[in-house]
Amino acid sequence: MFEASHLNINRDLMMNSILYEYLFLLADKFPREQYTPGEKQINYVEEALTYLESNYTNNISVQSLADSIGLNRSYLHRLFKSATGSSVQEYLLDLRIRKACTLLKSTVLPIAIISLSVGYEDTLYFSRLFKKKKGVSPSRYRLQKAQS
């Protein structure tokens, strides 16, 4: 490319030809992986699960998740439900409750802090969701696990 830049005759043509040759060599050395449609769908679901695991403490919507992966929201919902058996929102709720259970068993953090730690600003709302899923309040859950 350096030599071509010093030539006055057909300089642009020479630069383009060198650039295309370079791109060809890169594409030849690092070919794109070809996935079957089923493999693509699995990869999308894996990306979604990774995103949820990394961001469960944040306010996540199905739309924001779909945007991060580059998919249509309803298509992601169908893929996710088919692969996991639950919707994105159900999975996120279960993930947050599992993380809260871990914190309740392994720390002495107040329920309000645990609620914030798993993505719920409203402690009362968190407690209601927790009780609905686990059958006991977060504080009762902590007591039961401490006694066993």
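The values are calculated or read from the model by the stated rules, or taken from the named source; none is laboratory data. Keep in mind the model is a prediction, meaning the values are calculated, not measured. Reconstructed Cβ throughout: ideal geometry from the backbone, glycine too, with neighbour counts over all protein chains shown. Protein only, heavy atoms only, side chains kept; ligands, DNA and RNA dropped before computing areas. Shrake-Rupley method; radii C 1.70, N 1.55, O 1.52, S 1.80 Å.
See the values below:
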| read-out | value |
| --- | --- |
| Region 128-148, residues that are out of contact with any helix residue (DSSP H, G or I) (no Cβ under 6 Å at 6 or more places or on another chain) and open to solvent by less than 60 Å² (accessible area, probe 1.4 Å) | L129, G135, V136 |
| Filter result for Y20 (on the phi < 0 side of the Ramachandran plot, exposed (fewer than 13 other Cβ atoms within 10 Å of the Cβ), assigned to a helix (DSSP H, G or I) and modelled with pLDDT under 95) | yes |
| Odd one out for N58 among (1) assigned to a loop (DSSP other than H, G, I, E, B); (2) more than 24 Å from P37 (Cβ to Cβ); (3) in contact (Cβ under 8 Å) with a residue 12 or more places away in the chain; (4) touching a helix residue (DSSP H, G or I) at 6+ places or on another chain (Cβ under 8 Å) | (4) |
| Qualifying positions in region 20-52 - touching a residue at least 40 places away in the same chain (Cβ under 8 Å) and touching a Leu at 6+ places or on another chain (Cβ under 7 Å) | Q41, A48, L52 |
| Whichever residue in region 63-98 is farther than 24 Å from Y141 by Cβ and touching a Ser or Thr at 6+ places or on another chain (Cβ under 8 Å) and, among such residues, is least open to solvent (accessible area, probe 1.4 Å) | F80 |
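Table: residues versus (1) within 29 Å of I114 (Cβ to Cβ); (2) small (G, A, S).
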position	(1), (2)
Y44	no, no
E47	yes, no
S68	yes, yes
S82	no, yes
